[in-house]
Amino acid sequence: MPEPAKPSPFPSADPDDMQTALDSVPRSVLEHVVDVHCHPTDSDMGMTLKVAQEMAIRICAMATRRSDQRLVADLTRAYPEKVIPCFGYHPWFAHWIAVEPVTSKETHYRALFLPPSPPPKAEDVSAFDRLLPYLPDPIPLAEVLADLDEGLTSFPNAMLGEVGLDRACRIPYSRPADPPYSEYADEDNGRRELSPFTIPLAHQLKVLEAQLYLAVELRRNVSLHSVKCQQATSELLDRMEAKYLDEWLKISVDLHSCGLSAQGWKAISKRHPNVFLSLSTAINARSPAHRDLIAACTPDRILVESDFHDIRHSAPYTWHMLRTVAAVKGWPVEDHWDDTAPADAAQWGAVRRLEENWKKFERGGHRPYSKRRQRRDRAIEEWEAANEDSD
């Protein structure tokens, strides 16, 4: 007879099963869990007082465009013990931002989607003419940065997010909607017709790097989106480190719902001690490759998230990914909470390990790797010696 199949060590991703698994977890344990990336203001299932009282975990609430920066701020003021606010402009909406002076709406979008060289095809011109009426008036980048500065400085624990790069996003033939974002389920049975246009990566980078400058200046951590942009993201991180030096290492960067290959992550993590990754069931569990990514990540650089819009599912989705990380890493999952941590970190459970990772992420102030420290110290010594000689 064939041997019976061994039960999977990984938790079920069925929503009902996730909620059932969460129901058995003591509140004293859940209070140490952080959902490092979610979108509660995207949904009409808002965070009511009842939901807030029942929700034991803390959340990092992301803004993505102009209409929801205020909503994230309002949510944080209502529930300051539960919500860490994150202000930023998502790459899906980067084309709404003008990095050059605006002469007209059409001129702005034509420069992005119909550059003169090579000459555009007739079908692209037709698609552009159809799309243009749906697009909003562009916002000057200076106004975007002023809004972000106000949001970030209003809350001492605020992060920059969600910001990033995305090569896959295509612009829809539909008007922008205010939250809750009904465009995700429009009259076409939830399927929006997409134009052939994507947002040029060079434009995305200008918008992103301007936001990152503000994060460095205000010393705020970052939640970074990266889709189909592994090489561009790696080069961006290298460029930011070279540009800002130790100021860059004062902040932490989370590659949220990280889609990098295990090899890509290893290459980035070896060069950038301030970069973390977080994983979500909603996005990463679509492919078993996320388990290889978990295995490749050192124990102190991994975080968990829901990446969900309905706040009622934030805790079960985050807990599910926590259990997945624990299964891959071979970590026990706490069934009670002991305020006194074991002296040996190897004996910590998954909740304590991930909480400590979050604290490390929050603190920032990362040390450069030894080779870079040696190069920096040598440069300082040479500079001091040169100045002594000139005296």
Karplus ³J(HN,Hα) for the stretch 329-334 (6.51 cos²θ - 1.76 cosθ + 1.60, θ = phi - 60°; Hz, whole; x = Gly/Pro) runs 7, x, 8, x, 10, 4
Quick numbers on the stretch 108-185, Rg and Dmax over C-alpha atoms in Å, give 16.5, 51
Averaged per residue, the 1.4 Å probe accessible area of the stretch 279-357, protein heavy atoms only, in Å², is roughly 42
DSSP beta bridges in the stretch 130-279: the antiparallel percent, rounded to 5, is 15
Under the 7 Å Cα-to-Cβ spin-label approximation, Asp23 and Lys121 lie apart by a distance in nanometres of 5.4
Over the Cα atoms of the stretch 48-197 the radius of gyration and the largest Cα-Cα distance (Dmax), both in Å, equal 18.0, 58
Convex hull around the C-alpha positions of the stretch 304-358: the volume in Å³ per residue is 90
Of every hundred units of 1.4 Å-probe accessible area on the chain, the number belonging to carbon and sulfur atoms, as a percent, is 52
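Quick check on the chain: of the DSSP beta bridges with both residues there, what percent are antiparallel, nearest 5%?
Numbers: 2 of 28 bridges.
Close to 5 percent.
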Contact order relative to length for the chain, counting C-alpha pairs under 8 Å separated by 6 or more residues, stands in percent at 20
Stretched fully, the stretch from Lys105 through Ala295 gains (0.36 nm per residue minus C-alpha distance, one decimal, in nm) 63.6 nm
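For an R0 of 25 angstrom, estimate the FRET efficiency from the Cβ-Cβ distance between Asp44 and Ala168 and round to the nearest 0.05. Before the final figure, lay out each step's value.
Values: r = 27 Å, r/R0 = 1.07.
For Asp44 and Ala168, the calculated efficiency is 0.40.
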Checked against the positive end of the charge dipole of the chain (+1 on Cβ of Lys and Arg, -1 on Cβ of Asp and Glu, about the Cα centre), the farthest of Pro116, Met159, Trp92 is Pro116
Toy charge model, Lys and Arg Cβ at +1, Asp and Glu Cβ at -1: the chain dipole around Cα centroid in debye, rounded to 20, equals 820
Taking only C-alpha positions in the stretch 6-51, Rg and Dmax in angstrom work out to 13.8, 43
Rounded to one decimal in nm, the spacing of the 7 Å Cα→Cβ label points at Asp335 and Glu235 is 5.2
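Viscosity 0.890 mPa s, temperature 25 °C: Stokes-Einstein D of the stretch 271-377 from its Kirkwood Cα radius, in µm² per second? Don't skip to the end; give the middle numbers.
Numbers: Rh = 15.3 Å.
It comes out at roughly 161 µm²/s.
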Pseudo-spin-label distance Ala242 to Lys228, built 7 Å along Cα→Cβ, given in nm, is 2.7
If one builds a Gaussian network model of the chain from Cα atoms under 10 Å apart, the most fluctuating residue listed among Asp338, Asp74, Asp42 is Asp338
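The values are calculated or read from the model by the stated rules, or taken from the named source; none is laboratory data. Since we're looking at a predicted model, the values are computed, not measured. Note: ideal-geometry Cβ built from the backbone for every residue, glycine included; neighbour counts use all protein chains shown. Calculation scope for accessible area: heavy atoms of the full protein, side chains included, ligands and nucleic acids excluded. Shrake-Rupley method; radii C 1.70, N 1.55, O 1.52, S 1.80 Å.
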